[in-house]
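Each reported figure results from applying straightforward, stated rules to the coordinates on display, with no laboratory input. Remember, predicted model here, so these are calculated numbers, not experimental data. Please note: Cβ atoms are built from the backbone with ideal geometry, for glycine as well, and neighbour counts cover all protein chains shown.
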Amino acid sequence: MIRSIVASSLNLRFLIVILAVVTMLAGAAQIGQMPVDILPEFSLPYVEIRTEALGLSAEEVEQLITTPMEQDLLAGVPWLDTIHSKSVEGLSSIILIFEPGTNVIRARQMVGERPGSGNISIRRGSGRYLQG
């Protein structure tokens with residue numbers, strides 16, 4: 001089978017050269033229309049929310065800050081895929097992973113616009129709310 005392909009290609013070499021040139025021209029025409037990303041993003045879009053709660057134990061941080069933020073404030077964020085959280089002594093960290101293709105700036109804006117998301121730490125009597 002390969003022998004017949006090689007033999008046909010040698011017999012019709014003018015046609016093979018024309019096909020190769022047409023393929024290269026089509027590729028060159030498409031290069032101008034391709035989106036170019038200088039630094040492509042391979043990781044999923046995510047937003048991290050850290051809340052300082054100085055003087056609170058890990059259990060108190062979990063009960064007073066992390067769980068209410070996960071359940072009440074962040075559950076309805078559009079394009080949200082997964083929520084990961086970690087509570088340690090004096091610090092709550094919530095990582096929101098969004099669907100592939102989500103604009104990170106838009107995702108941060110949606111998280112920041114959630115009602116009360118910036119006030120949960122103040123309302124609970126703890127420290128600062130930091131969005132990263």
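Here is how the numbers come out for the structure above:
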| item | result |
| --- | --- |
| Relative contact order (percent, whole number), the chain, Cα cutoff 8 Å, 6+ residue spacing | 30 |
| Filtered chymotrypsin sites (Phe, Trp or Tyr not before Pro), the stretch 1-72: DSSP coil and at most 11 other beta carbons within 10 Å | Phe42 |
| Gain in span if fully extended, Glu99 to Asn11, counting 0.36 nm per residue against the direct Cα distance | 26.4 nm |
| Potential lengthening between Asp81 and Glu52 on full extension [0.36 nm per residue; Cα-Cα distance subtracted] | 8.0 nm |
| Zone of Glu113's modelled label, taken as backbone nitrogen in the stretch 65-89 under 18 Å from a point 7 Å along Cα→Cβ | 73-81 |
| Longest DSSP-loop-exposure-free segment, GluC sites (Glu not before Pro), the chain, at most 16 other Cβ within 10 Å | 42-88 |
